[in-house]
Amino acid sequence: MKRSQREAEESNRRIGRRTLIMGGAQALFAGVLALRMRQLQVTQAAEFRLLAEENRINIRLIPPARGILYDRQGHVIAENDQNYRIVIVREDAGDPEQALARLTRLVQLDDETVERALKEIRRHSPFVPVTIADRMRWEEVASVAVNAPVLPGIAPEVGQSRHYPMGPDFAHIVGYVGPVSDYDLSKLEDPDPLLQIPRFQIGKTGVEAKEEELLRGKAGTRRIEVNAAGRVIRELDRIDGQPGSDLQLTIDAGLQNFMQARLGEESAAAVVLDLQHGDVLGIASSPSFDPNKFVQGISVADYRALTETPFRPLSNKAVQGAYPPGSTFKLVTALAALEAGVITPDETVWCPGFLKLGDRRFHCWRRGGHGHVNLTESLQQSCDVYYYDIGQRVGIDNIAAMARKLGLGVHHDLPLSAVGEGLAPDRAWKRARYGQDWQVGDTLNASIGQGYVLATPLQLAVMSARIATGRAVTPRLLRSIDGLEQPSGAGAPLDIKPVNLERIRKGMDAVVNSRRGTGRRSRVVAEGMAMAGKTGTSQVRNITAAERAAGVFRNEDLPWERRDHALFVAFAPVEAPRVAIAVVVEHGGGGSAVAAPIARDLTLRALYGRVPPGDAYPESDRWEAERRLRDLPLRDPGSRSSGGRGRA
């Protein structure tokens, strides 16, 4: 049947619409396809090119050279040694246990080394090189290289390992490095990719740890071509990293060696400060240890020997040890009383051998007492009753404030591990700590450096430096970073009347250089080298009334851990002070008999810049001093001593 013209036109319109829709859809599809092709070929071309290249190119990090540490004279105290090591790549080696079994036929490896290597292999990706053993001899490395065809995935490498040429002398200052642990990584929010390298070493203690970011440097990279099995074909390019910063410390290596040798095997600490810039010239803690053993992997037996002795060689007593300062604290009490105006220099206090408070007696160290004593005499003879009396008058809050002004009970920011704050207690502290009110008896104990008062040897040296100079001397350990001088610790003038500081210096001079001074036996007779100081003996036990009645036990008759600590603080020369010093000998007995002679030797070594001459000592003590100094195990800091070096 023939369609009408109207029906024909309607049909043509429908066909036109369908054609238009289909054409539009095809055009849209073609456009989307073109856009996607452009995105793949242009926008994402670099990304896909990289993915393709990663099938045959690996990028590996190059550990940077760790920064070198120097003493103030430029002697190396921490360096990097060439280190031959053997590494394994699990992806190339196949069964790691079989690979290590083959290796042990050529190189002697103990079971502990093999087990540690297997553990690290399992922890890391198959393509990451894992160190099996380091510090290998050249003969062992050569043997592995010759037998490379039968040791797939195992290869020798040359790297760097930390070495401490002066060994125990700087162990507590520089510290040591060790492999990155899971604990180390857990403390970092965004760890450096370098830390993921198996057995990569970072600072664990001391300056090595505190200045880790400066010393570590920045990683380099190298691109290597590998085949389908992951074997390295060739190195395509290399971008060297940025080596760590070189640090120069304020320490004098010669003095540091002398200090460690002079302390010997005593459980003791000593600090020597330069008064011009606050430089720490020497900071010794005894006994010490060889940090190279930790770098190489310390044995269980050696570590047990370090941790099981009561002398605590791993602890830096110079900054971590907090001790009752004993009579050295009388300098603080006296200065607080002078500043508060509660005493005058000529005012005397009667000392019958004790001060009675209620039904309790606070005893002087001299059983029969000192009689009438003024300020200078109280320091000269270290009269306890004088300080009981003025301590009550000035009050604990003023004493504590003066202690903090002189550097006690505050944190000194040195790049060392666990620098202690000590304790300068006051009323608020006891209320917060114990929920109790401060008692008068607490003040009496604190006034002679007992009770709650605690100080580190570093803080005692700072106290001496501030008294000697009248400035807020701040200890400085970093002298320069990559040659850039660091801020001085000279400090601004203290808010203390100069005349009062001079009175305290006069008393310290009398302690050492007057006929009745407690430190007279340790005086210096060389012209222009006279030393001023203060002895201290701090109790670590209570003396009962029964013991006082029967006679107080001598230190040498007590077990070592119950003996008194021996202390001495000083500055020299008296007329123009250049150095300040503090010495603490744990359970050493009397400060005048034990700590003062050590302090004199260290002070003279710092002033002369060499082993002190015999004529610096009184004639009565000269022969013994010369013999003692001659027998010290000293060494030239410029010599390349192994300091416990392991295999090459």
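Bear in mind these aren't lab numbers, they're just calculated from the coordinates by the rules spelled out. What you see is a predicted model; the values in this text were computed from it and never measured. Glycine gets a Cβ as well: all are built from the backbone with ideal geometry, and neighbour counts include every protein chain shown.
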Taking a straight Cα-to-Cα line shorter than 12 Å from residue 430, and setting aside same-chain aspartates and glutamates fewer than 8 residues away, one finds 397, 442
So who's got an amide H within less than 5 Å of the one on residue 323, skipping anything under 5 residues away but keeping other chains? H placed 1.01 Å off N, in plane. 455, 456
Kindly give Rg over Rh for the chain, based on alpha-carbon atoms, with the Kirkwood expression for the hydrodynamic radius. 1.22
Classify the stretch 383-467: rounded, prolate or oblate, from the alpha-carbon gyration tensor (a ≥ b ≥ c, eigenvalue square roots; a/c under 1.5 rounded; otherwise prolate if a/b is larger than b/c)? oblate
Can you tell me the order of 599-608, 131-140, 266-275, 612-621 when each peptide is scored by its average per-residue count of other Cβ atoms within 10 angstrom, highest first? 266-275, 599-608, 131-140, 612-621
Per-residue HN-Hα couplings for the stretch 478-484 [Karplus 6.51, -1.76, 1.60; θ = phi - 60°; Hz; x = Gly/Pro]: 8, 8, 8, 10, 6, x, 8
Taking Cα pairs closer than 8 Å and at least 6 residues apart, the relative contact order of the chain in percent is 14 percent
Between residue 471 and residues 5 or more places away or on another chain, which pairs have amide H atoms under 5 Å apart, with H built 1.01 Å from N, and which residues are they? 494
Let me have the 222 nm mean residue ellipticity of the chain computed from DSSP H runs of 4+ only, each contributing -39500 (n - 2.57), with the sum over all residues rounded to the nearest 500. -10500 deg cm²/dmol
Taking the 0 to 90 degree range and rounding to the nearest ten, how far is the long axis of helix 498-513 tilted relative to the main principal axis of the chain, both from C-alpha atoms? 70 degrees
Return the loop-located trypsin sites (Lys or Arg not before Pro) in the stretch 76-107 (DSSP other than H, G, I, E, B) with at most 15 other Cβ atoms within 10 Å of their own Cβ; answer none if there are none. 105
For the stretch 589-594, just list the computed ³J(HN,Hα) in residue order, Karplus coefficients 6.51, -1.76 and 1.60, θ = phi - 60°, integers in Hz, with x standing in for Gly and Pro. x, x, x, 5, 8, 10
Which FRET efficiency, nearest 0.05, do residue 488 and residue 437 yield, Cβ-Cβ r, R0 41 Å? 0.45
Any idea what angle helix 5-38 forms with the longest principal axis of the chain, computed on alpha-carbon atoms, 0 to 90 degrees, nearest 10? 40 degrees
On Cα atoms only, tilt of 396-405 relative to the major axis of the chain in degrees: 60 degrees
Selection from 164, 185, 64 lying farthest towards where the dipole of the stretch 58-249 points positive, charges on Cβ: 64
Which whole-number percent is the relative contact order of the stretch 58-249 (Cα, under 8 Å, 6+ apart)? 35 percent
Using amide H atoms built 1.01 Å from N in the peptide plane, name the residues 5+ places from residue 476, or on other chains, whose amide H lies under 5 Å from its own. 279, 280
Please list 3J(HN,Hα) in residue order for the stretch 244-258, calculated via the Karplus relation 6.51 cos²θ - 1.76 cosθ + 1.60 where θ = phi - 60°; whole Hz, with x for glycine and proline. x, 6, 8, 10, 10, 8, 7, 5, 9, 4, x, 5, 4, 4, 4
Run the reach check for residue 497 against lysines, Cα to Cα strictly under 28 Å, same-chain hits fewer than 8 apart removed. What comes back? 330, 405, 506, 534
Candidate lysines - alpha carbon under 19 Å from residue 204, same-chain residues fewer than 8 apart omitted: 187, 218, 293, 317
Quick calc: nm separation of the 7 Å Cα→Cβ label points for residue 499 and residue 540 -> 4.4 nm
Checked the stretch 346-429 with the C-alpha gyration tensor, a ≥ b ≥ c its square-rooted eigenvalues, rounded below a/c of 1.5, otherwise prolate if a/b is larger than b/c and oblate if not; verdict prolate
Whole-Å distance, taken between Cα centres, linking the stretch 272-322 and the stretch 392-437: 26 Å
Once you list every other residue whose beta carbon is under 13 Å from the beta carbon of residue 423, what net charge do they have if Lys and Arg are +1 and Asp and Glu are -1? 0
In the neighbourhood of residue 274 defined by beta carbon distances under 12 Å, the net charge of the other residues (Lys, Arg +1; Asp, Glu -1) is +2
How long are the three semi-axes of the equivalent ellipsoid for the stretch 58-249, computed from the Cα gyration tensor as the root of 5 times each eigenvalue, in whole Å, largest first? 30, 19, 16
